[in-house]
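Step one of this worksheet: look at the structure below.
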Amino acid sequence: MSYLLYEGPSMLDGKPIFMVLTGTEQPSRNSKTGPMLQTWILRSDVNPLDAMRFNEDVSICGNCPLRGSEGKGRSCYVTVARAPYQIYKSKPNLKKIKKHIFKNRAVRLGAYGDPAAIPTEVIADIRKRAIMTTGYTHQWRTCDQDLKQFMMASCDSEQDREEAKALGWATLRVKKADDSKLPGEVTCPASEEAGKKMTCYNCGLCRGGDTSDVVINVHGVGFRNFGRVYG
């Protein structure tokens with residue numbers, strides 16, 4: 001069963017988007033996150049494959065450097081033709097959210113899409129009702145700075161991390177495998193390089209606010225392009 005969490009203008013460019021919650025009956029099969037509820041952010045008027053091809057995904061991804069251009073050069077770990085496309089097709093059958101669904105559940109904000117595209121009050125309400133949320137935003141320079149309570153600044157370089165820390169964000173930095181960890185960073189316990197010691201559900205470091213900075217090696221289907229973008 002999938003539920004509609006939000007439908008309205010994107011906080012990034014004003015275009016129509018919607019946010020969907022999945023995993024309420026069948027737990028996510030994502031071995032990294034564990035049994036967290038998942039949220040997906042999509043354009044409501046353009047299917048996600050076309051949105052990617054014609055750069056309309058800026059409404060949900062903003063200035064994320066991992067999205068590439070016109071569907072090329074992506075280093076994002078999400079395969080858009082899979083879950084995002086199926087969720088878009090299911091939109092006519094989505095149920096209105098029942099707030100009790102969040103009770104005793106943890107929520108991953110933005111399995112696809114940047115949570116900063118969603119109004120802050122919607123994110124805050126999810127956090128209030130769930131036992132935990134995790135999330136990341138590449139929009140940390142320009143978004144509502146209140147979002148730092150609920151998610152991490154997504155950083156792709158040492159300079160990104162330095163700037164985000166100056167603004168008061170906890171950070172999640174993606175790095176190449178042979179790059180060094182920086183002082184103050186904790187290797188993601190759910191990552192391959194940490195031996196998958198625990199899932200995101202058991203960890204909770206990426207909840208935002210006053211938490212540790214996390215670092216993880218680039219992973220997913222577009223990892224080769226990350227090296228091209230960041231040398």
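Every number here is computed from the coordinates shown, using simple stated rules; none is lab data. Keep in mind it's a predicted model, so treat the numbers as computed, not measured. Cβ coordinates were reconstructed from backbone atoms using ideal geometry, including for glycine residues, and neighbour counts include every protein chain displayed.
What does DSSP give for the range 3-230 in terms of the percent of beta bridges that are antiparallel, rounded to the nearest 5?
On the way: 13 of 34 bridges.
Around 40 percent of the beta bridges assigned by DSSP in the range 3-230 are antiparallel ones.
3J(HN,Hα) along the range 29-37: 8, 5, 5, 7, 7, x, x, 8, 5 Hz, from the Karplus curve 6.51 cos²θ - 1.76 cosθ + 1.60 with θ = phi - 60°, whole Hz, x for Gly and Pro. Taking the centroid of alpha carbons for each part, the range 46-113 and the range 150-200 are 22 Å apart. The length gained on full extension between K128 and M198, counted as 0.36 nm times the residue separation minus their Cα-Cα distance, comes to 22.8 nm.
Here the peptides 85-96, 107-118 are ranked by packing, the mean other Cβ count within 10 Å, and the order with the highest first is 107-118, 85-96.
In Å, the Kirkwood hydrodynamic radius of the chain over pairs of distinct alpha carbons?
On the way: mean 1/r = 0.0566 Å⁻¹.
Taking every pair of different Cα atoms in the chain, averaging 1/r and inverting gives 17.7 Å.
For L5, the amide hydrogen comes within under 5 Å of the amide hydrogens of M19, V20, L21, counting only partners 5 or more places away or on other chains and with H modelled in the peptide plane.
Pairs to check: K15/K98; K95/K197; K15/K91; K15/K95; K103/K197; K72/K175. Give those whose C-alpha atoms are more than 28 Å from each other in this structure. Among K15/K98; K95/K197; K15/K91; K15/K95; K103/K197; K72/K175, the Cα-Cα distance tops 28 Å for K95/K197.
Segment Q149..A81, full-extension length gain: 21.3 nm, with 0.36 nm per residue of separation and the alpha-carbon distance subtracted.
Label-to-label distance for H219 and T142 is 3.0 nm, based on points extended 7 Å past Cα in the beta-carbon direction.
Would you mind calculating the relative contact order of the range 3-230 from Cα pairs under 8 angstrom and at least 6 residues apart, reporting the percent as a whole number?
Values: 468 pairs, mean separation 45.7, N = 228.
Relative contact order of the range 3-230: 20 percent.
Using only alpha carbons, the range 1-121 has a radius of gyration to Kirkwood radius ratio (Rg to Rh) of 0.95.
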